[in-house]
Amino acid sequence: MFAYGFGCRSLAVSLVVSLVACGRTDTALGTDSDPDTSSTPGTTTDGGTTAPAPTTTSTAPTTTLTTMGGTETGTTVDPTTGPATDTAVTITDGTATDTSATTTTGTTADTTGTGTDTDSTTGPAPFCGDGQVDPGEECDDGDLVDLNACSSGCVINFCGDGVVHELLGEECDDGNDIEDDGCSNGCREPQCGDQIVQVTEECDDGNQEDGDDCTNSCTAAVCGDGIVHVGVEPCDDGNDIDTDDCLVDCIEAVCGDGIVHELLEACDDGNDIDDDACTNACALATCGDGILQMNEECDDGNDIATDACTTLCKLPVCGDGFVFADTEACDEAGNTATCDSDCTVPECGDAHHNPANGEACDAGGDSMTCDSDCTLAFCGDHTVNAAAGETCDDGTESPTCDDDCTAVVCGDASLNESAGEICDDGGQTATCDNDCTFAACGDGVINSAAGESCEDGNLAEGDGCSSQCKAHKVVFTTSQAFDGNLGGLLGADARCQAAAVAAGLPGTYRAWLSDATGSPSTRFTKSTIPYVRRDGVVVANNWTDLTKGTIKAPINLSELKTPPGGDANVCGGVAQLTFTNTLSDGAMFGDFFSCQNWSSNAPGLTGGGQWTKADGLWTQFVCAQSCDWKKPLYCFQQ
């Protein structure tokens, strides 16, 4: 019995050693060996060994199995020794610990000398499940539970035996030593972070650093996984949106990368040109950003509209609606009631037409079309506009102003009845005199356009101007009679002139007399118009007609339209005599007959004509007369 018991124990020890050698560390089996065990050595002789009978004292052992699921305690009874030897075995994951086993009671005596074995055993017959590890059993926990450290077949359960022992803490058991097949060699189900790269995992670094090469979900760190790979990626937002603050290639969005990051940028043209449509700050180019763009004239970056750059980024110009303080008094982008379009305060006379200010015109003063009060120039507006040719403007015609706004002047072709004009044809016409009265002979105005050659203000005949205003030279025979002492030809002329003046006749008169000092042909103005008697009867049409030998009518009227004067002396029975000493052609008849050049009234021979005659005798020597006679003189208007 001793030999049997020793063999069984040796077998158990051998199994444990074999399990350890195979690398199975999940379950440890306890043995009955203990450094504290005391025994008496003996001698064994195979087939006939004689040895002293050992005396063994042992304490009944208690077997303790500590598993992943808990601790089990059992008692192992060696049938060869009587009371069982207690062996405490603590099973941890991969470690077997012999806690204690001390034999203190019982004596086994095996004496072989004659070939006879003596075996003494105490207790019931052994069986699996009796709580005692019997020969052939690896364990016996006294129950039939198959999921703890000891199976119902009294075999030690271990990780790798193909059975999931939940009470041992196994999550799986695939019965192999393949680590990455879904069940680890520690009988654990695969989980991220166990440092074992399973089929479903890309990596497993066993740490909680989510930013290294292996994420906490055991996937290889890649751009777009939403985890910033430290040292590799500056950002990772886990989306494929290229317009947020992290690009799809996990590069942080920056101004100038050519991508518009909507939450950060208004634009991004990917260049460093600051004056295009997108600034280097990735802002849309706008007026007031301080950057001069191609479509801007200026950009001072402020909102002051009255400085050298407007808020529209235009250089200040009159009419832009911004008051440039340096040069503009106002600017309302055109003419208004308070501002001219040249950006000055409206003022009539500033040469800027501003209809909004009530100006019809503004020429800076009077002009042909504009009055100085900024109204359109027209005659009758009560504003004298010299530039428009006005010398007056009373609103209508007045005694001093025509309705054409010129001062009243007869002959200006502007009829002004207020000024007493009856007509005004701008000069003399057949119907209007140049004194602006209707043309009429006798009106005192010579109107040649009306056929008048004279105008004496009356319709009398024989006064130098006929009743038709036809000019003529007046011819009369004096109403007084004179002797030969006339004072010469000049004295005779004076007597004619005195008679004419006394009769109210205009003009200059000379006597039809001849002497050595002169004659009518040398002294008279040879008229081209008719010679007419005081009654209007034509004596001759002109000088030529007068001196051709005969006249048209005798000169038988005095300046007073009466018969000529004279004494009663006659010659050869001929009366109505005159002193002439002149031929019909106006030349002197004879020097001998001139009463000593008409300076003597002594009896002496002289001659003359007969004022009743129209033939040559009207002047030629009719009969011998005496210088002491008193006879009338022929007087001719020059």
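With respect to CYS250, is the statement that it is touching a residue at least 24 places away in the same chain (Cβ under 8 Å) and over 30 Å from LEU315 (Cβ atoms) true?
Working: touching a residue at least 24 places away in the same chain (Cβ under 8 Å): yes; over 30 Å from LEU315 (Cβ atoms): yes.
Taking the combined requirement at face value, the residue satisfies it.
Specify which of the listed residues (GLY566, GLY609, GLY586) is free of Cβ contacts under 8 Å to residues at least 40 places away in the same chain, farther than 21 Å from CYS454 by Cα, more than 60 Å from the chain's Cα centre (by Cα) and buried (at least 16 other Cβ atoms within 10 Å of the Cβ).
Numbers: GLY566 fails: free of Cβ contacts under 8 Å to residues at least 40 places away in the same chain; GLY586 fails: free of Cβ contacts under 8 Å to residues at least 40 places away in the same chain.
So the residue among GLY566, GLY609, GLY586 that is free of Cβ contacts under 8 Å to residues at least 40 places away in the same chain, farther than 21 Å from CYS454 by Cα, more than 60 Å from the chain's Cα centre (by Cα) and buried (at least 16 other Cβ atoms within 10 Å of the Cβ) is GLY609.
Among the candidates THR338, THR310, single out the residue that is in contact with a Pro (Cβ under 8 Å, 6 or more places away or on another chain), open to solvent by less than 70 Å² (accessible area, probe 1.4 Å) and in a loop (DSSP other than H, G, I, E, B).
Working: THR338 fails: open to solvent by less than 70 Å² (accessible area, probe 1.4 Å).
Only one candidate qualifies: THR310.
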| request: For residues that are assigned to a loop (DSSP other than H, G, I, E, B) and touching a strand residue (DSSP E or B) at 6+ places or on another chain (Cβ under 8 Å), scanning just the range 395-413, find the one that is nearest to CYS423 (Cα to Cα). | output: VAL408
| In the range 216-245, the residues that are over 22 Å from GLU265 (Cα atoms), surrounded by fewer than 16 Cβ atoms within 10 Å (Cβ to Cβ) and of a type in the set (A, V, I, L, M) | ALA220, VAL222, VAL230, VAL232
| field | Selection from the range 500-517 of residues that are out of contact with any strand residue (DSSP E or B) (no Cβ under 8 Å at 6 or more places or on another chain) and within 16 Å of THR547 (Cα to Cα) | value | none
| query | Among (1) surrounded by fewer than 16 Cβ atoms within 10 Å (Cβ to Cβ); (2) within 21 Å of GLY365 (Cα to Cα); (3) in contact with a helix residue (DSSP H, G or I) (Cβ under 8 Å, 6 or more places away or on another chain), where does ALA377 come up short? | reply | (1)
| Test set (1) under 20 Å from PHE593 (Cα atoms); (2) open to solvent by 30 Å² or more (accessible area, probe 1.4 Å); (3) touching a strand residue (DSSP E or B) at 6+ places or on another chain (Cβ under 6 Å) - ASP493 fails condition number | (2)
| query | If you go through the range 194-215 one residue at a time, do you hit one that is surrounded by fewer than 14 Cβ atoms within 10 Å (Cβ to Cβ), assigned to a loop (DSSP other than H, G, I, E, B), in contact (Cβ under 8 Å) with a residue 12 or more places away in the chain and small (Gly, Ala, Ser)? | reply | yes
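Determine, yes or no, whether THR437 is under 30 Å from SER466 (Cβ atoms), buried (at least 16 other Cβ atoms within 10 Å of the Cβ) and among the hydroxyl-bearing types (Ser, Thr, Tyr). Don't jump to the end; show me each part of the working.
Working: under 30 Å from SER466 (Cβ atoms): yes; buried (at least 16 other Cβ atoms within 10 Å of the Cβ): yes; among the hydroxyl-bearing types (Ser, Thr, Tyr): yes.
Against the criterion (under 30 Å from SER466 (Cβ atoms), buried (at least 16 other Cβ atoms within 10 Å of the Cβ) and among the hydroxyl-bearing types (Ser, Thr, Tyr)), THR437 qualifies.
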| Of all residues in the range 202-220, which are under 17 Å from CYS235 (Cα atoms) and touching a strand residue (DSSP E or B) at 6+ places or on another chain (Cβ under 9 Å)? | ASP213, CYS214, ALA220
| task | Could you list all residues from the range 263-277 that are surrounded by 12 or more Cβ atoms within 10 Å (Cβ to Cβ), among the charged types (D, E, K, R) and out of contact with any strand residue (DSSP E or B) (no Cβ under 6 Å at 6 or more places or on another chain)? | result | GLU265, ASP268, ASP274, ASP275, ASP276
| task | Output the residue which, of all residues in the range 596-606 that are among the polar types (S, T, N, Q) and either part of a helix (DSSP H, G or I) or farther than 17 Å from LYS630 by Cβ (or both), is least open to solvent (accessible area, probe 1.4 Å). | result | ASN597
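Can you pull out every residue in the range 519-538 that is part of a strand (DSSP E or B) and either buried (at least 23 other Cβ atoms within 10 Å of the Cβ) or without any contact (Cβ under 8 Å) to a residue 40 or more places away in the chain (or both)? Walk me through how you get there before you give the answer.
Of all residues in the range 519-538, those part of a strand (DSSP E or B) come to 531-532, 538.
Hits for the range 519-538 are TYR531, VAL532.
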| task | Identify, from the list VAL501, VAL475, the residue that is closer than 23 Å to GLY442 by Cβ, open to solvent by 60 Å² or more (accessible area, probe 1.4 Å) and outside any loop (DSSP other than H, G, I, E, B). | result | VAL501
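When you scan the range 356-367, do you find a residue that is more than 24 Å from GLU390 (Cα to Cα) and surrounded by 18 or more Cβ atoms within 10 Å (Cβ to Cβ), even just one? Break it down stepwise before answering.
The initial filter retains those residues of the range 356-367 that are more than 24 Å from GLU390 (Cα to Cα), namely 356-357.
Next cut, surrounded by 18 or more Cβ atoms within 10 Å (Cβ to Cβ) only: 357.
Within the range 356-367, one or more residues are more than 24 Å from GLU390 (Cα to Cα) and surrounded by 18 or more Cβ atoms within 10 Å (Cβ to Cβ).
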| Does ASP268 satisfy the criteria of being under 27 Å from ASP326 (Cβ atoms) and of a type in the set (Asp, Glu)? | no
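Taking the range 435-466 only, how many residues are out of contact with any helix residue (DSSP H, G or I) (no Cβ under 9 Å at 6 or more places or on another chain), at negative phi and part of a loop (DSSP other than H, G, I, E, B)?
Looking only at the range 435-466, we keep the residues that are out of contact with any helix residue (DSSP H, G or I) (no Cβ under 9 Å at 6 or more places or on another chain), and these are 435, 437-438, 442-466.
When the remaining residues are screened for being at negative phi, the result is 435, 437-438, 443, 445-450, 452-456, 458-461, 463, 465-466.
Remaining after also requiring part of a loop (DSSP other than H, G, I, E, B): 435, 437, 443, 445-447, 452-456, 458-461, 463, 466.
So the count comes out to 17.
For the range 233-267, which positions are among the acidic types (Asp, Glu) and in contact with a Cys (Cβ under 8 Å, 6 or more places away or on another chain)?
We begin by selecting, within the range 233-267, every residue among the acidic types (Asp, Glu); these are 233, 236-237, 240, 242, 244-245, 249, 252, 257, 262, 265.
Within the range 233-267, GLU233, ASP236, ASP237, ASP245, ASP249, GLU252, GLU265 meet the criteria.
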| query | Checking ALA386 against (1) touching a Ser or Thr at 6+ places or on another chain (Cβ under 8 Å); (2) surrounded by fewer than 17 Cβ atoms within 10 Å (Cβ to Cβ); (3) aliphatic (A, V, I, L, M), which single condition isn't satisfied? | reply | (1)
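For the range 612-631: of the residues being among the polar types (S, T, N, Q) and modelled with pLDDT of 95 or more, which is nearest to the chain's Cα centre (by Cα)?
Just the residues of the range 612-631 that are among the polar types (S, T, N, Q), to begin with: 612, 619-620, 625-626.
Right, trim to modelled with pLDDT of 95 or more and you get 612, 619, 625-626.
Details: THR612: 108, THR619: 107, GLN625: 117, SER626: 118 Å.
My answer is THR619.
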| Just a yes or no: is a residue in the range 173-191 touching a helix residue (DSSP H, G or I) at 6+ places or on another chain (Cβ under 6 Å) and touching a residue at least 60 places away in the same chain (Cβ under 8 Å)? | no
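Please count how many residues of the range 610-638 are part of a loop (DSSP other than H, G, I, E, B) and under 15 Å from ASN569 (Cβ atoms).
Residues in the range 610-638 being part of a loop (DSSP other than H, G, I, E, B) and under 15 Å from ASN569 (Cβ atoms): 9 in total.
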| query | Out of (1) open to solvent by less than 60 Å² (accessible area, probe 1.4 Å); (2) closer than 29 Å to ALA502 by Cα; (3) modelled with pLDDT of 95 or more, the odd one out for PHE593 is which? | reply | (2)
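The values are calculated or read from the model by the stated rules, or taken from the named source; none is laboratory data. Quantities reported herein were computed from a predicted structural model and do not represent experimental measurements. Neighbour counts run over all protein chains shown; Cβ positions are idealised from the backbone, glycine included. SASA here: full protein model, heavy atoms, side chains in, ligands and nucleic acids out. Shrake-Rupley method; radii C 1.70, N 1.55, O 1.52, S 1.80 Å.
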